[in-house]
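This report refers to the structure that appears directly beneath it.
Every read-out reported here was derived from the displayed coordinates using simple, explicitly stated rules and does not represent laboratory data. For clarity, every value in this text was computed on a predicted model and none was experimentally measured. Please note: Cβ atoms are built from the backbone with ideal geometry, for glycine as well, and neighbour counts cover all protein chains shown.
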Ligand SMILES: NC(=O)c1ccc[n+]([C@@H]2O[C@H](COP(=O)([O-])OP(=O)(O)OC[C@H]3O[C@@H](n4cnc5c(N)ncnc54)[C@H](OP(=O)(O)O)[C@@H]3O)[C@@H](O)[C@H]2O)c1
């Protein structure tokens, strides 16, 4: 069975998007700083869907080439799904996507869709994603989803792409946790231009 993991770009003050995010401004005001490292290197990284290419440093490319093929499904929230305009129907990771939402968008709920909409809680969403992923890992994305996974004890690994910027406002990743301390074991640090890739194991 694979792991449940999160991999997100985060500012030093803990934001994964700036304020005023939306389909026209996906990472919010100032949020473009979080993704600069995806386009400022000299090594091509083609995402599995083939619809998107990044230009990253050699260090970041090596990490992406190692991690991306291990992902078998993705769990995200309805805001991210809407802001990304459903990635045009195919996520760059080219894996099935489980979307937590209270309202199922009928236009995407068809039999041929790679999207599964789940309304009965985070445990159910992660269980569906695990079944889809098989022996591969489940990636969870978006702040509210990561927070629910942490509260429910579902997360095994945290990958933070730490960007040297202070956004000051926006969508904070580790907000609304209301938990007892969760111990983490730092398992890897990769210094790359414009980003530090940090990996933590959630101690259970
Ligand atoms: N920096 C990065 O690497 C990165 C990566 C991904 C996303 N992001 C950013 O993260 C932001 C979105 O994160 P977010 O935390 O604000 O929103 P989100 O998790 O994408 O979506 C939250 C919404 O999902 C639905 N939802 C969540 N949990 C649910 C549950 N248990 N049951 C039913 N529905 C549930 C609800 O929508 P409804 O009630 O409307 O159905 C809720 O309002 C965006 O700005 C996006 O660009 C950043």
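Which residue, 99, 43, 163, has the most motion in a Gaussian network model of the chain that connects Cα atoms within less than 10 Å?
It is 43.
Quick check: Cα centre of segment 1-80 to Cα centre of segment 141-204, how many Å?
That distance is 14 Å.
Just subtract the alpha-carbon distance of residue 177 and residue 120 from 0.36 nm times their residue separation and send over the number in nm, one decimal.
18.5 nm is the gain from fully extending residue 177 to residue 120.
Provide the percentage of antiparallel DSSP beta bridges, counting only those with both residues in the chain; round to the nearest 5. Write out the running numbers ahead of the final one.
Numbers: 21 of 43 bridges.
Beta bridges within the chain, antiparallel portion: roughly 50 percent.
Using the Kirkwood formula on the Cα atoms of the chain, what hydrodynamic radius do you get, in angstrom to one decimal? Walk me through the intermediate numbers first.
Values: mean 1/r = 0.0577 Å⁻¹.
After inverting the pairwise mean of 1/r, the radius is 17.3 Å.
Using Stokes-Einstein with the Kirkwood hydrodynamic radius over Cα pairs, what translational diffusion coefficient do you get for segment 32-146 at 37 °C and a viscosity of 0.692 mPa s, in µm²/s rounded to a whole number?
219
If I model a spin label as a point 7 Å beyond the Cα along the Cα-Cβ vector, how far apart are those points for residue 29 and residue 113 in nm?
3.3
Per DSSP helix of 4 or more residues, -39500 (n - 2.57); summed, then divided by the residues of the chain. What does that give at 222 nm, rounded to the nearest 500? It would help to have the intermediate numbers written out before the result.
Working: 4 runs with 37 residues, N = 204.
Here the helix-only value at 222 nm equals -5000 deg cm²/dmol.
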